[in-house]
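Each remark here refers to the structure printed beneath this line.
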Amino acid sequence: MKYVNLGNSGLLVSQFCIGGWQLPGSGSVDESGVESVDVEDLKRVLKKAVDYGVNFIDTANRYHGRMSPTDLVHAGGSERVIGQVLKGFEREYFVIATKVSARMSPWPNGEGLSRKHMMWQIRESLKRLEMDYVDLYQLHSPDPLTPKLETLKTLDNLVKNGWVRYVGESNYPTEEIQEFMQLAEDHDLEGFVSMQELYNLLERGVEAKLPLAKGYKMALLAYSPLAQGILAGKYMAGVQKGDRASYAEDPRRFSDAGVLKVLPELEILAKEESITLSQLSLAWMLKKQETFGVTIIPVVGITRLSHLEDDVGALEVNLDSTVEERMDELVSNVTFAPPA
Ligand SMILES: NC(=O)c1ccc[n+]([C@@H]2O[C@H](COP(=O)([O-])OP(=O)(O)OC[C@H]3O[C@@H](n4cnc5c(N)ncnc54)[C@H](OP(=O)(O)O)[C@@H]3O)[C@@H](O)[C@H]2O)c1
C-alpha cells in the first residue's frame, strides 16, 4: 500500500479511502422500508481492507449507509455501524474522516456550520462512532448564514480540545476556500489539509480548483471516483436489483446514452492494459496527480468484497500517458448531468 501525506500535514493515509455513504446491504428492510447495512459483510470488507493496508475511512454525520437521500430518522446510521465494526480493530491504526453541516434535526440550529451546531454534532458523531476523536473533520457543504471566521474558530477549538486532529472542506467554491485559508492564516487558526470534491473521468469540474489545492498543498479526496459505479461498467447491461441505480433518487444518469457509447471503448483500453474498467478509471485519476501536482486520494464506495479486491488493484497500475490522453479524448464530447 502506498501512504501519502494528507495535504500539508504529517498524517499518513493510504492512497485509497473507503467511503461510508453506501455500505454493504443486508437485503432486509426496517419498518420504513429502508435496507439495513450488513454488519458482518462490512466487517469482512474492513478486515480485507486492513490486509491490503488501507487505513482511511470517510463518512458523514448525515449518511445512513444504504439510503440516499437520508431522512432524519436514518441519519447517523453510517457512523454508527462503522463505529460498531471498528470496535473489533485497533483505533489508532485508522484515519477516520467525517463531515458536518447537513441537516440533522428539524429545529433552527439543526444544520450548518455555526459554533452551536458544530459543537453539538461533533459530540454526536463521536458518540455514534464510539471514539474519542476523529482524524479529519470536514465541512460537508457551504453554510452561507454563518461567518467563516466563526466556523474556523470552532474548528480550531475542536482541534485544541482534542476532538479533531485535522480539518478539511468539501463542496465549497474556489473563492470561498481561498477566503477560509486566508482567514486561517491571518488569525493563526487551523487551515484545511484537504478538499473533498466530486472527481472522475466524466466529471471534471474540480480540475479548476486544483491550482488552489496545489498552492496550499491540500490533498484532493476525490469522491464518486467511479461515477457511482457507471465507470465500473455496472450499467452497460442495464440496472440490476440492489445496484445503486435501483434506489437512486434520480436514476437517469445511470443510463446516459453518451456515456454508454464510450464505455465499450474504455473497456477495450482496459483489456489492452490487462486491467478492469474500475482499475482503468482509478489509475487514470492517480495519473492526474502528475498533471496537477496535487495528491489525489480516491474515496471509493465499497458495497461488496469483490469490488474492494478489484478497485485496490488500481494502485498497482502505472498508466502510460498515451492511455490517459486517449481516455481524455474519448470522453471529451460526453456531457454528463451532475448527480441529483
Ligand atoms: N463530500 C460529498 O459531498 C460526497 C458526496 C458523495 C460521496 N462522497 C464520499 O465518496 C464516497 C464514494 O462515493 P460513491 O459511492 O459515489 O463512489 P464510487 O466509487 O464512484 O461508486 C461506488 C459504487 O460503484 C460500484 N462499484 C465500486 N467498485 C466496483 C467494481 N469493482 N465493480 C463494479 N461496481 C463497482 C458499487 O455500486 P453498487 O453498490 O451499486 O454495487 C459502489 O457502490 C462516499 O461513500 C462518500 O464517502 C462524498
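Nothing in this text is a laboratory measurement; each read-out follows from the coordinates by a stated rule. Small disclaimer: the values here were computed from a predicted structure and weren't measured. Backbone-built Cβ (ideal geometry, glycine too); neighbour counts: all protein chains shown.
Numbers for the structure displayed
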{"read-out": "Single match in Asp135, Asp156, Asp143 (criterion: surrounded by 18 or more Cβ atoms within 10 Å (Cβ to Cβ), under 22 Å from Gly19 (Cα atoms) and among the acidic types (Asp, Glu))", "value": "Asp135"}
{"read-out": "Residue in the stretch 171-193 that is within 16 Å of the ligand (Cβ to nearest atom), touching a residue at least 24 places away in the same chain (Cβ under 8 Å), small (Gly, Ala, Ser) and surrounded by 22 or more Cβ atoms within 10 Å (Cβ to Cβ) present", "value": "no"}
{"read-out": "Every residue from the stretch 278-313 that is of a type in the set (A, V, I, L, M, F, W, C), farther than 16 Å from Lys48 by Cα and surrounded by 17 or more Cβ atoms within 10 Å (Cβ to Cβ)", "value": "Leu280, Leu282, Ala283, Trp284, Met285, Leu286, Val294, Ile296, Ile297, Val299"}
{"read-out": "The stretch 1-26, residues that are in a strand (DSSP E or B), more than 25 Å from Met218 (Cβ to Cβ) and in contact (Cβ under 8 Å) with a residue 60 or more places away in the chain", "value": "Gln22, Gly25"}
{"read-out": "Pair list, Cβ under 9 Å, 6 or more apart: the stretch 320-336 residue more than 11 Å from Leu269 (Cβ to Cβ), other residue aromatic (Phe, Trp, Tyr) and surrounded by 15 or more Cβ atoms within 10 Å (Cβ to Cβ)", "value": "Asp328/Trp284"}
{"read-out": "Members of the stretch 226-260 found to be surrounded by fewer than 15 Cβ atoms within 10 Å (Cβ to Cβ), away from the ligand (no atom under 13 Å from the Cβ) and in contact (Cβ under 8 Å) with a residue 40 or more places away in the chain, listed by number", "value": "Asp250, Arg252, Gly258"}
{"read-out": "Residues located in the stretch 184-206, provided they are touching a helix residue (DSSP H, G or I) at 6+ places or on another chain (Cβ under 7 Å), more than 22 Å from Leu149 (Cβ to Cβ) and of a type in the set (D, E, K, R)", "value": "Glu197, Glu203"}
{"read-out": "Counted residues, the stretch 218-264 - those being part of a helix (DSSP H, G or I) and either over 24 Å from Phe16 (Cα atoms) or of a type in the set (Phe, Trp, Tyr) (or both)", "value": "13"}
{"read-out": "Members of the stretch 265-278 that are within 13 Å of the ligand (Cβ to nearest atom) and either in a helix (DSSP H, G or I) or more than 18 Å from Leu330 (Cβ to Cβ) (or both)", "value": "Glu267, Ala270, Leu277, Ser278"}
{"read-out": "Filtered residues of the stretch 31-40 (kept if part of a loop (DSSP other than H, G, I, E, B) and out of contact with any strand residue (DSSP E or B) (no Cβ under 6 Å at 6 or more places or on another chain))", "value": "Glu31, Ser32, Gly33, Val34"}
{"read-out": "Near pairs, Cβ below 8 angstrom, 6+ apart or cross-chain, from the stretch 278-303 (under 19 Å from Val193 (Cα atoms) and without any contact (Cβ under 8 Å) to a residue 60 or more places away in the chain) to any residue that is among the charged types (D, E, K, R) and buried (at least 21 other Cβ atoms within 10 Å of the Cβ)", "value": "none"}
{"read-out": "Single residue of Glu290, Glu309 found to be within 11 Å of the ligand (Cβ to nearest atom) and within 24 Å of the chain's Cα centre (by Cα)", "value": "Glu309"}
